[in-house]
Amino acid sequence: MSPALTAAGARDWLQRFATAVDEHAADLTDLDRPIGDSDHGVNLQRGMRAVLAALDAADPATPGAVLLKAGSTLVSTVGGASGPLFGTLLRRTGKALGDAESVDAAALGSGLRVGLDAVTALGGAQVGDATLVDALAPAVESLEAGGSVTEAAEAAARGAASTDELVARKGRASYLGERGIGHRDPGAASTALLFAALADGDGAGAS
Amino acid sequence: MHVPTKLLDDPADAVTDALRGLAAVHPELTVDLEHHVVSRNHDHFGDHRPGKVGLVSGGGSGHEPLHAGFVGLGMLDAAACGAVFTSPVPDQVLAATTAASSGGGVVHVVKNYTGDVLNFQMAAELADDEDIAVETVLVDDDVAVTDSLYTAGRRGTGGTLFVEKVLGAAAEQGMALAEVAALGRDVVARSRSFGVALSPCTTPGSDRPGFDLEPGEMELGIGIHGEPGRRRVPVPATGVAREVARTSVAAIADDMPLDGEELLLLVNGMGGTPLLELQVLAGDVVAELTARGARIARALVGNHVTSLEMAGSMVSVCRATPQLLQLWDAPVRTPALRWGA
């Protein structure tokens, strides 16, 4: 990213993600209805509101600290599977970024790799299981390969779309078996929003 | 779409208000309205027992009386109540664990749903940081999920009641942490459940039910949120209870031989089916089980593990042993289950 992601940039990113979650809460919930229990949008909305409040209160000094705070707040407020999974992603990514004042796209990719590995260790999902990992993994791989945040966002969006035709093998959607085909995984959809929010800040501090 | 009128004050506060109500009528319980944790009021019970193994469960709300209604003498020490159909967060489970801890360690009874598993796992790590030893008993008694390799595995459903009652008695009798956990895993291994939905349910604040079920259809093999397991079939013109009993018992017997077994039996309502109907079903279920060579040692009929106002049933059995029967019969004093105390 040029210039790189700072603490302020990380907060802007999460602010844009929270706005996107607000705008898409009903869509996310609709995605969750046929295959889950219709609460993904509402739960994530509650979590991101708590994240913004926690960041206002704590005012973390580095992008790593911002993500760490955001992650632990999600773990403490969301519940369900998405709280621990999204929370762990941000928490471990933040921890991996350490004390750096700012991080470029490659460093963010390395940090997100640590977060991705923690998510797969916790939830046990792999690419192809129709979960948020289907959006997250290609985005991380794109950054690791030197891609821009815009390319990472595109990879996440393609990954989310790929869950339409997959049979879920993890989480509550897995009980549907083949009846789940034709439905986009809500966690993959919100993960695509997270990376779209990152790319949206391109002109304002990331590339 | 007709949305049923809910007897609530504010849908957003449904869980908090329900816990406030529980506290209002049960002085023997301590209700932490910040964490949504219900625990025993030890002063009321006079059961300060240093070293007793604590028994904690929890999960999404909407399954009442599970779990908070099973807090009390001879059963749970504490329950963490999440939002409706959403597992509690680790902080809540930690608060319940701390409330239940008397120095002998704590057993977490966790229904096998991804959210519950992840949040309890994180809570167990937090408890470890506070030097509370935690053992986890994962309940996965639901036989409707056949393809465990390709799913999140069998779900925790009606058999949770057997686990909470038996382990509560065992802990009360002074059994140590590792033994309580091992006993819990044995009860899970001996328990099987199969659920049927006749109508869906609507979470408070939502404007439509969580899933659609056409008139004249029933969903076989549901979990406790009505999520599907096997298939949707037409409701038979007559003998609905007989058909549900036959299907449920056959699914269980295909998975766990019942011939010659003594059983704990739970004929459970999902929340919206009257006791009259559950009694009809109970008669049909006992006939099916008896025809397969099983003997009913103890039976419970009622709404114990529910899914809001969903109509339908869940049949749960546990292959008993003399030890399990003794623990089942031990005194229990909770809002929803009470005998001998």
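The values are calculated or read from the model by the stated rules, or taken from the named source; none is laboratory data. Computed from a predicted model, the values in this text were never measured in an experiment. Using ideal geometry, Cβ is built from the backbone for each residue, glycine included, and neighbour counts are taken over all protein chains shown.
Among the residues of the range B:266-315, which ones are surrounded by 23 or more Cβ atoms within 10 Å (Cβ to Cβ), hydrophobic (A, V, I, L, M, F, W, C) and in a strand (DSSP E or B)?
Within the range B:266-315, B:Leu266, B:Val267, B:Met314, B:Val315 meet the criteria.
Out of the residues in the range B:77-98 meeting the condition of being within 7 Å of another protein chain (Cβ to nearest Cβ) and on the phi < 0 side of the Ramachandran plot, tell me which one is surrounded by the most Cβ atoms within 10 Å (Cβ to Cβ).
Narrowing the range B:77-98 to residues within 7 Å of another protein chain (Cβ to nearest Cβ): B:82-83, B:85-91.
In the following step, the residues that additionally are on the phi < 0 side of the Ramachandran plot were identified as B:82-83, B:86-91.
Values: B:Gly82: 24, B:Ala83: 24, B:Thr86: 28, B:Ser87: 29, B:Pro88: 31, B:Val89: 29, B:Pro90: 27, B:Asp91: 20.
Filtering first and then ranking leaves B:Pro88.
List the strands (runs of 3 or more DSSP E) that sit entirely inside the range B:20-106 and contain at least 3 residues that are within 30 Å of B:Ala311 (Cβ to Cβ).
Where strands (runs of 3 or more DSSP E) fall fully within the range B:20-106 and carry at least 3 residues being within 30 Å of B:Ala311 (Cβ to Cβ), they are B:54-61, B:78-84.
Report yes if some residue within the range A:66-78 is away from chain B (no Cβ under 14 Å) and small (Gly, Ala, Ser); otherwise report no.
Yes, that holds for at least one residue.
Within the range B:175-201, which residues are touching a Ser or Thr at 6+ places or on another chain (Cβ under 7 Å) and either farther than 15 Å from B:Val267 by Cβ or among the aromatic types (Phe, Trp, Tyr) (or both)?
Of everything in the range B:175-201, those that are touching a Ser or Thr at 6+ places or on another chain (Cβ under 7 Å) and either farther than 15 Å from B:Val267 by Cβ or among the aromatic types (Phe, Trp, Tyr) (or both) turn out to be B:Phe194, B:Cys201.
Condition first: of a type in the set (A, V, I, L, M, F, W, C), part of a helix (DSSP H, G or I) and within 21 Å of A:Ser102 (Cβ to Cβ). Now tell me which residues in the range A:53-88 satisfy that.
Residues of the range A:53-88 of a type in the set (A, V, I, L, M, F, W, C): A:53-55, A:57-58, A:61, A:65-68, A:70, A:74-75, A:78, A:81, A:85-86.
When the remaining residues are screened for being part of a helix (DSSP H, G or I), the result is A:53-55, A:57-58, A:65-68, A:70, A:74-75, A:85-86.
Once the filter is applied, which keeps residues that are of a type in the set (A, V, I, L, M, F, W, C), part of a helix (DSSP H, G or I) and within 21 Å of A:Ser102 (Cβ to Cβ), the range A:53-88 yields A:Leu55, A:Ala58, A:Ala65, A:Val66, A:Leu67, A:Leu68, A:Ala70.
Scanning the range B:174-209 for residues that are more than 23 Å from B:Gly153 (Cα to Cα) and among the polar types (S, T, N, Q), which turns out farthest from the other protein chains (Cβ to nearest Cβ)?
B:Ser199
Please go through the range A:166-200 and pick out each residue that is within 14 Å of another protein chain (Cβ to nearest Cβ), among the acidic types (Asp, Glu) and farther than 16 Å from A:Asp39 by Cβ.
Initially, the range A:166-200 is screened for residues within 14 Å of another protein chain (Cβ to nearest Cβ), giving A:166-181, A:183, A:185-187.
From what's left, among the acidic types (Asp, Glu): A:178, A:185.
Selection gives A:Glu178 alone.
Got a sec? Which of A:Val42, A:Val114 is of a type in the set (Val, Ile, Thr) and either modelled with pLDDT of 95 or more or in contact with a His (Cβ under 7 Å, 6 or more places away or on another chain) (or both)?
Step by step, each of A:Val42, A:Val114 is checked, and only A:Val114 is of a type in the set (Val, Ile, Thr) and either modelled with pLDDT of 95 or more or in contact with a His (Cβ under 7 Å, 6 or more places away or on another chain) (or both).
Can you go through B:Ala127, B:Ala171, B:Ala189, B:Ala181 and tell me which one is outside any strand (DSSP E or B) and in contact with an Asp or Glu (Cβ under 7 Å, 6 or more places away or on another chain)?
The conditions single out B:Ala181.
Does B:Leu263 fit the bill of being free of Cβ contacts under 8 Å to residues at least 60 places away in the same chain, part of a strand (DSSP E or B) and either crowded, with 20+ Cβ neighbours inside 10 Å or at positive phi (or both)?
Details: free of Cβ contacts under 8 Å to residues at least 60 places away in the same chain: yes; part of a strand (DSSP E or B): yes; either crowded, with 20+ Cβ neighbours inside 10 Å or at positive phi (or both): yes.
Judged against the criteria, B:Leu263 is a match.
Given the residues A:Glu144, A:Glu151, which is the only one that is over 21 Å from B:Val117 (Cβ atoms) and free of Cβ contacts under 8 Å to residues at least 24 places away in the same chain?
From the options A:Glu144, A:Glu151, the qualifying one is A:Glu151.
Go through (1) within 14 Å of chain A (Cβ to nearest Cβ); (2) under 21 Å from B:Cys201 (Cα atoms) and name the single condition B:Thr5 misses.
Among (1) within 14 Å of chain A (Cβ to nearest Cβ); (2) under 21 Å from B:Cys201 (Cα atoms), B:Thr5 violates only (1).
Consider B:Arg232 carefully, then state whether it is over 20 Å from the mean Cα position of the chain (by Cα) and either surrounded by 19 or more Cβ atoms within 10 Å (Cβ to Cβ) or part of a helix (DSSP H, G or I) (or both).
no
Would you mind finding the one in A:Val66, A:Val51, A:Val21 that is over 30 Å from B:Gly210 (Cα atoms), buried (at least 19 other Cβ atoms within 10 Å of the Cβ) and modelled with pLDDT of 95 or more? Give the steps one after another, and end with the answer.
Numbers: A:Val51 fails: over 30 Å from B:Gly210 (Cα atoms); A:Val21 fails: over 30 Å from B:Gly210 (Cα atoms).
The match here is A:Val66.
Can you pull out every residue in the range A:83-141 that is at positive phi and not hydrophobic (A, V, I, L, M, F, W, C)?
A:Gly98, A:Gly124, A:Gly128
For A:Gly115, are the conditions met, namely being part of a helix (DSSP H, G or I), within 14 Å of chain B (Cβ to nearest Cβ) and closer than 21 Å to A:Ala196 by Cβ?
Considered against the rule, which asks whether it is part of a helix (DSSP H, G or I), within 14 Å of chain B (Cβ to nearest Cβ) and closer than 21 Å to A:Ala196 by Cβ, A:Gly115 comes out as no.
Condition check: away from chain B (no Cβ under 12 Å), over 27 Å from A:Glu141 (Cβ atoms) and without any contact (Cβ under 8 Å) to a residue 24 or more places away in the chain. Does A:Asp30 satisfy that?
Taking the combined requirement at face value, the residue does not satisfy it.
For the range A:1-41, enumerate the residues that are polar (S, T, N, Q) and not in a helix (DSSP H, G or I).
A:Ser2, A:Thr6, A:Ser38
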